[in-house]
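Undergrad: Let me begin by handing over the structure; questions about it come next.
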Amino acid sequence: MRSVRPDQPGVLTDRAIRRAYESGQLRVDPFDAELVRPAALSLRLGREAFSLVTRRPVDVADRSTHPELVPKALDPSGRLTVEPGEVVLAPTLEKIGLSENLAGLVDGTSDYARLGISVVLCGQVSPGFGRDTGAVLTLEIVNHLRHPVLMYPGARICNLMLFASTGSERPYGAMPHNYSSDQAVVASRLADHVRHQ
């Protein structure tokens, strides 16, 4: 079975994405072949979501000041409501795992951007992310409009562009304070490695 060749770095196109999945270098659960695009893999919005709510100024080194993760219930029609200016954290439906020879970039789709919605504020997916068990990617959704936006869990929401590389010596899962095994949305771990000067 052909696999991604680490000696040929570059963006994976549809054929290479399917080969990476078939060879086990790319883990996607659940996998839907219809979500493979010409040079990316589309991911869907998960069913749970949390609003970031602040009570006071945030000191990034002080976890007690960090925003509270407040669960957001879906409306009676199963939609997620994002209020104007609200920041919502939501997982992808898919759990992803990358080998040490793959890296990724997550970006929102043009469809959402043209509605004034940012989907991804931090897009890097490091080699080795979710390698052992698969992990959700946490999306940071922001509504830039003046009215609420209704979103649909299970619908395509972002794209994961994949890159073949020569391989990382230290995979992401070996880094301290990482998100490589997240099965759900978790709060920021920034305070774990930022100290008062």
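Undergrad: So who's got an amide H within less than 5 Å of the one on L26, skipping anything under 5 residues away but keeping other chains? H placed 1.01 Å off N, in plane.
TA: Residues meeting the criterion, in which the H sits 1.01 Å from N, are Y21.
Undergrad: Sum -39500 (n - 2.57) across every DSSP H segment of at least 4 residues in the chain, then divide by the residue count to get the 222 nm mean residue ellipticity, nearest 500.
TA: -2000 deg cm²/dmol
Undergrad: What are the GluC sites (Glu not before Pro) within region 35-135 that DSSP puts in a loop, where the Cβ has at most 15 other Cβ atoms within 10 Å?
TA: Loop-located and lightly packed - none at all.
Undergrad: Run the dipole for the chain about the Cα centre, Lys and Arg Cβ at +1, Asp and Glu Cβ at -1, nothing else charged, and hand back the magnitude in debye, nearest 20.
TA: About 180 debye.
Undergrad: When ranked by the protection proxy of mean other Cβ atoms within 10 Å per residue, highest first, what sequence do the peptides 33-43, 126-136 form?
TA: Sorting 33-43, 126-136 by mean packing, highest first, produces 126-136, 33-43.
Undergrad: Continuing with this model, one more query. Take the solvent-accessible surface of the protein heavy atoms, probe 1.4 Å, and return the percent of it on the chain that carbon and sulfur atoms account for.
TA: 51 percent
Undergrad: Next question, about the same structure. Given axes a ≥ b ≥ c from the Cα gyration tensor, I'd like to know whether region 107-173 is rounded (a/c under 1.5), prolate (a/b larger than b/c) or oblate.
TA: Verdict is prolate for region 107-173.
Undergrad: Across region 21-37, in residue order, what do the Karplus-derived ³J(HN,Hα) couplings come to in whole Hz, using 6.51 cos²θ - 1.76 cosθ + 1.60 with θ = phi - 60° and x for Gly and Pro?
TA: So the J values, rounded to whole Hz, are 5, 5, 7, x, 6, 10, 9, 9, 9, x, 9, 10, 4, 5, 8, 6, 9.
The values are calculated or read from the model by the stated rules, or taken from the named source; none is laboratory data. None of the values given here were measured: they were computed from a predicted structure. Because the Cβ atoms are built from the backbone with ideal geometry, glycine has one as well, and the counts that use them run over all protein chains shown. Heads up: the accessible areas ignore ligands, DNA and RNA and are worked out on the full protein's heavy atoms, side chains in. Shrake-Rupley method; radii C 1.70, N 1.55, O 1.52, S 1.80 Å.
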